[in-house]
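Novice: Got a structure for you, questions after.
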Amino acid sequence: MENNKKFSLFSAILSVICVVFVAEAAAPVAAIGNSQFFWWIFLLIAFLLPYGLISSELGTTYIGDGGIYDWVTKAYGHKWGARVSWFYWINFPLWLASLAVMCPGLLSIITGMEFSVFVQIIIELIFIWVIVWISFYRVSDSIWILNGAAVIKMILALLVGGLGVYTALTRGMANEITLKSLLPSFNLNSLSYISVIIFNLLGFEVICTFADDMENPKKQIPQSIIAAGLVIAGIYIFSAFGIGVAIPTEQISTSSGMIDSFKLLTNSTGGWFIITMAFLFLLTLFGNMISWSLGVNNTACYAAENGDMPAFFKKRSRKSNMPIGSAIMNGVVASIIVIIAPVLPNQDLFWAFFSLNLVMFLLSYIPIFPAFYKLRKIDPVTPRPFKVSGNDTMLKILIIIPMILIIISLIFTAVPLSFDTETLSKQLPITIGSIIFIIIGEFIIKIKKIK
């Protein structure tokens, strides 16, 4: 009699928090200003709710290694499955590169040393290949890493939020909260960060891969998605509040905003507390990449085994059966990016790479919503442990609204809507990069003659 279920509801929620909550995204959200509170509430209702319900049904109905690739392939065939797997995979090395460029700054705070450009690149490459090396082993699937990283992230977020509350009560706030400031301003600068909030609400379908280890996946999966979604939103809002108390909105750095906030909130530029916070923040970067690596690499490997990604991606370790081909490609792509980074026109490197990762990641999710509707029509007989209730009109609303929100956020992130020099230098590389990676994906489809 087997009663050794590894995932309680609590562990499921912690695992979702680890995968979905990314501490480095708190600063870009805070850069929206006080209107972020409006956007959080709006997107929780208009995006997270339908997305959570849809991913709960698809994840419990079609359980397998392919995840979102499987869902889209079943609905629309291998060509669309190939697109999704490409977008889903390529976002990872871009994200890896965006976190790598943060490491030299964090190590400078920890060690007190300043690094040359050459040494910075070496540090970034070490970070990248340590992540790749860890992803070769089963440790990347360990519950203790998922739970431990989740706890560290929450500690950082709660500390910066708590210090923000204390500072607001004792010294005042850098950004005054008024009714007008809480309403959306619709300026191009803040709207470009809305995609970060949507990014922060994606990834919940990962919990569906743990269904076999749950006591009651039909109840636990939707419960963990909704509960973790609310917890994550609360943590982001609390931490962004702390950052907003410390730094005027227009001065918030997308890369170092959280550490800058700790310095300002404690009136300290160093010392054991700031060093500890920088070290914990560095650990969360490793936690993010390790927790995401298995899912991304497995999806890419699975797609390659089905002929929808280049053959190198299906290479697995003989000892552990881990997908090492896609892991190595993560390292290669991320390494190329950080090596060429010093000559790029946009020197806000974290935001440049992170926003490019956002574009690719969001693109991979657009087909999921119509795939959900089509699978309901073409495959009504497969048992659905969790089924979204509602008539046909309600289901159409549930798929249309999230798709529209993703498309709008993509436009504000990747398309220059103003043609002044500052906007073009910031967004044009993102536009060009997005087009290049989309073309590469289409080239792979054509070369492999995927239909």
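The values are calculated or read from the model by the stated rules, or taken from the named source; none is laboratory data. Given the structure is predicted, the values throughout are model-derived calculations rather than measurements. Note that we place each Cβ from the backbone using ideal geometry, even for glycine, and neighbour counts take in every protein chain shown. To get the accessible areas, we keep the full protein, side chains included, count just its heavy atoms, and leave off ligands, DNA and RNA. Shrake-Rupley method; radii C 1.70, N 1.55, O 1.52, S 1.80 Å.
Novice: Can you tell me the order of 222-235, 393-406 when each peptide is scored by its average per-residue count of other Cβ atoms within 10 angstrom, highest first?
Specialist: Output ranking for 222-235, 393-406: 222-235, 393-406.
Novice: Right, here's the next one. What size of dipole, in debye to the nearest 20, comes out for the chain about its Cα centre when the only charges are +1 on Lys and Arg C-beta atoms and -1 on Asp and Glu C-beta atoms?
Specialist: Value, rounded to 20: 1200 debye.
Novice: Once the Cα gyration tensor of the range 26-122 is found, what semi-axes does its equivalent ellipsoid get, as square roots of 5 times the eigenvalues, in whole Å, sorted largest first?
Specialist: Over the Cα atoms of the range 26-122, the semi-axes work out to 36, 23, 11 Å.
Novice: Determine, from the Cβ-Cβ distance of Gln223 and Ile340 and an R0 of 35 Å, the FRET efficiency 1/(1 + (r/R0)^6), rounded to the nearest 0.05. Spell out each step's value before the answer.
Specialist: Working: r = 45 Å, r/R0 = 1.28.
The value I calculate is 0.20.
Novice: Using the heavy atoms of the protein chains and a 1.4 angstrom probe, tell me the accessible area per residue for the chain in square angstrom.
Specialist: Per residue, the chain has 42 Å² of solvent-accessible surface.
Novice: Can you give me the solvent accessible area of Ile13 with a 1.4 Å probe, rounded to the nearest 10 Å²?
Specialist: 30 Å²
Novice: Please compute the modelled spin-label separation between Glu442 and Leu230, points set 7 Å along Cα→Cβ, answer in nm with one decimal.
Specialist: 4.4 nm
Novice: Just to be sure I understand the model, the point goes 7 Å from the Cα along the line to the Cβ. What's the resulting Ser425 to Asn147 distance in nm?
Specialist: 4.9 nm
Novice: While we're looking at this one, here's another question. Taking R0 as 45 Å, what's the FRET efficiency between Val381 and Val415 from their Cβ-Cβ distance, rounded to 0.05?
Specialist: It comes out at approximately 0.60.
Novice: Mind checking the full-extension length gain between Ile45 and Met113? Use 0.36 nm per residue of separation minus the Cα-Cα distance, one decimal, nm. Could you put the intermediate results ahead of the total?
Specialist: On the way: separation 68, 0.36 × 68 = 24.48 nm, distance 4.58 nm.
Extra length available between Ile45 and Met113 comes to 19.9 nm.
Novice: Shifting gears a bit: Give me the mean projected area, in nm² to one decimal, of the convex hull enclosing the Cα positions of the chain. Mind dumping the intermediate values first?
Specialist: Working: hull surface 90.0 nm².
Directional mean of the projected Cα hull area for the chain stands at 22.5 nm².
Novice: Leaving out ligands, DNA and RNA, and with a 1.4 Å probe, what % of the accessible surface on the chain is carbon or sulfur?
Specialist: Carbon with sulfur: 67 percent of the solvent-accessible area.
Novice: Tell me, what is the percent relative contact order of the chain, built from C-alpha pairs under 8 Å that lie six or more residues apart? Let's see the in-between values first.
Specialist: On the way: 664 pairs, mean separation 152.9, N = 451.
Contact order relative to length: 34 percent.
Novice: Let me ask something else about it. Return the FRET efficiency for the residue pair Ser389, Val165: r is the Cβ-Cβ distance, R0 is 56 Å, and the value is rounded to the nearest 0.05.
Specialist: That gives a FRET efficiency of 0.90.
Novice: Largest first, what is the accessible-area ranking of Asp348, Asp308 with a 1.4 Å probe?
Specialist: The residues order as Asp348, Asp308, largest area first.
Novice: For the ranges 79-88, 118-127, 253-262, 381-390, what's the packing order if you count other beta-carbon atoms within 10 Å of each residue, average per peptide, and put the highest first? Please list the in-between numbers first.
Specialist: On the way: 79-88: 24.5, 118-127: 17.6, 253-262: 22.6, 381-390: 12.6.
In descending order of packing, they fall as 79-88, 253-262, 118-127, 381-390.
Novice: Where in the chain are the DSSP H helices whose alpha-carbon span along the long axis reaches 20 Å or more and whose Kyte-Doolittle mean is at least 0.5?
Specialist: Qualifying helices, which must be both long enough and hydrophobic enough, are 117-134, 143-170, 217-246, 271-305, 324-340, 349-365, 392-414, 421-447.
Novice: Find how much the distance from Trp129 to Ser185 grows on full extension, using 0.36 nm per residue of separation minus their present alpha carbon separation; answer in nm with one decimal.
Specialist: 16.0 nm
Novice: Give me the percent of Cα-Cα pairs in the range 289-438 that sit more than 28 Å apart, rounded to a whole number.
Specialist: 40 percent
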